[in-house]
1. Quick one: what pairs do we get from the stretch 205-233, first residue more than 21 Å from MET285 (Cα to Cα), second polar (S, T, N, Q), C-beta under 6 Å, 6+ apart or different chains?
2. Go through LEU215, LEU237 for me and flag whichever is among the hydrophobic types (A, V, I, L, M, F, W, C), more than 16 Å from the ligand (Cβ to nearest atom) and out of contact with any Leu (no Cβ under 7 Å at 6 or more places or on another chain).
3. Restricting the search to the stretch 210-239, which residues are touching a strand residue (DSSP E or B) at 6+ places or on another chain (Cβ under 9 Å), open to solvent by 20 Å² or more (accessible area, probe 1.4 Å) and farther than 16 Å from GLU140 by Cα?
4. Could you tell me which numbered condition THR356 fails, if it satisfies all but one of (1) outside the structural domain of ALA248 (by TED's automatic domain parsing); (2) at pLDDT below 95; (3) not aliphatic (A, V, I, L, M)?
5. Of everything in the stretch 55-98 that's closer than 21 Å to PHE302 by Cα and polar (S, T, N, Q), which residue is most open to solvent (accessible area, probe 1.4 Å)?
6. Out of LEU350, LEU256, LEU341, LEU332, I need the residue that is of a type outside the set (Lys, Arg) and touching a Cys at 6+ places or on another chain (Cβ under 9 Å). Which one?
7. Which condition number in (1) within 23 Å of the chain's Cα centre (by Cα); (2) within 16 Å of the ligand (Cβ to nearest atom) is the one that PHE30 fails?
8. Tell me which residues, restricted to the stretch 30-46, are in a helix (DSSP H, G or I), surrounded by 11 or more Cβ atoms within 10 Å (Cβ to Cβ) and not hydrophobic (A, V, I, L, M, F, W, C).
Amino acid sequence: MSPSSAAAFAPAATNNLDAFWMPFTANRQFKDAPRLLVGAKDMHYTTSDGRQVLDGTAGLWCVNAGHARPKIVEAVQRQVAELDYAPAFQMGHPKAFEFASRLTALAPKGLDHVFFTNSGSESVDTALKIALAYQKVRGEGGRFRLIGRERGYHGVGFGGISVGGIVTNRKAFGPGLPGTDHLRHTYDRERNAYSRGIPEHGAELADDLERLVALHDASTIAAVIVEPVAGSTGVVLPPKGYLERLRALCDKHGLLLIFDEVITGFGRLGAPFAADWFGVTPDIMVTAKGITNGVVPMGAVFVSSAIYEAFMNGPEHVIELFHGYTYSAHPLACAAGLATLDTYAEEGLLTRASETGARFADALHSLKGLPHVIDIRNIGLVGAVELEPIPGQPTKRAFSAFLKAYEKGIMIRTTGDIIAMSPPLIISEAQIDELVGTLADVLRTLD
Ligand code: PXG
């Protein structure tokens, strides 16, 4: 055997941390001092060194009912033994239809059809493609532009980064989709710092859509996509009246309004969807994450009947929408999703944040005045604490808070110099106090 083929047959080194190129991670920093999770139950993770860590982020904003919930675990176990996979192209399985029906019954009135995907990013691209194709089937194919918003996060597909507005997620990846443009973001610290809940000032920022309509003409614009509450960019809330105004302007100009509810969907704000919370219904609603409690990857795009029916024309044997994924409506995801909806309903979780949110808001706003804190924002069970960056070293201060917090037994997220929290919706008042109290201790020790 030549030396090179011997090497090829050598067993893989175990625990070779280098093999896994980790997503959205400082790989070298992590691999120098790994943080490994080996178990999870309800509100806690277990680490590889045997510690319990309070989950202040619901994983990545997805484990809304808490970890390892019995109904969901059992449903997935049963499903994998009964029907592990079924094609969704020209074939079906009962739970796909059952889950879609349950979801549309839960969704805001008028969003009566669901297209299944496997992630938020796929849901975003699906929504954008449906919007373009819809304009074409209704004879408005000249409407090709897609409008996003500065500081928006719509996942990492080319469509999503094109309408997204986070520079680090865009600048390395070329020009993106042609024909996209962006509304101004709604963060205004000068007028709205330390707002409790929805900020007072800035509804007029929705009128920025008029600027883009004047520039491009409405007849070239297919859709506007926004997160009702922007999560990844550090929790940016819509000012009072902003979403209503955006809805009215979309109607005025014949534009579809897409809500990206990947984070706000499934109870995060205290209502099933942000559309319910704000009383503003989009034409298309993008979801993922909490749809299966994060247990099996899945996303779903909800569309209005007007959109769905517009495609149900032409010869009946012809595919109406040339789009879909091998794993659309995967049986394990549907089983997990049905059990997730049962758990949400039995425990009242989709509205629970409207009660616990007040305690969370009190706790968060008590951090005002601690070193480096320059703003605090909250809605439902979402909160953000913004820190003054270390001069010349943006992100470093918040990241060091994240590391210290993990050592002290709580999991938080940071983006830029903003600390974000979005605990599972089952969090108790004592756990809210523990989460925010530990964060306060961390903030007191920051350089
Ligand atoms: N849209 C929105 C609004 C999101 O928040 C996506 C789309 C993409 O979803 P997928 O499933 O493709 O990742 C997201 C994802 C964070 C964080 O800590 C946020 C997300 C993902 C990971 C971390 O802010 N949001």
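1. Listed pairs, sorted by first residue: LEU205/THR186.
2. It is LEU215.
3. ARG211, LEU215, SER232
4. (2)
5. Taking the candidates together, the pick is GLN90.
6. Testing whether each residue is of a type outside the set (Lys, Arg) and touching a Cys at 6+ places or on another chain (Cβ under 9 Å) leaves just LEU256.
7. Against the list (1) within 23 Å of the chain's Cα centre (by Cα); (2) within 16 Å of the ligand (Cβ to nearest atom), PHE30 comes up short only on (1).
8. If the condition is that a residue be in a helix (DSSP H, G or I), surrounded by 11 or more Cβ atoms within 10 Å (Cβ to Cβ) and not hydrophobic (A, V, I, L, M, F, W, C), then LYS31 is the only one that fits.
The values are calculated or read from the model by the stated rules, or taken from the named source; none is laboratory data. Just so it is clear, the model here is predicted, and its values are computed rather than measured. A quick note on method: Cβ atoms are made from the backbone with ideal geometry, for glycine too, and the neighbour counts reach across all protein chains shown. Accessible surface areas use protein heavy atoms only, side chains included; no ligands, DNA or RNA. Shrake-Rupley method; radii C 1.70, N 1.55, O 1.52, S 1.80 Å.
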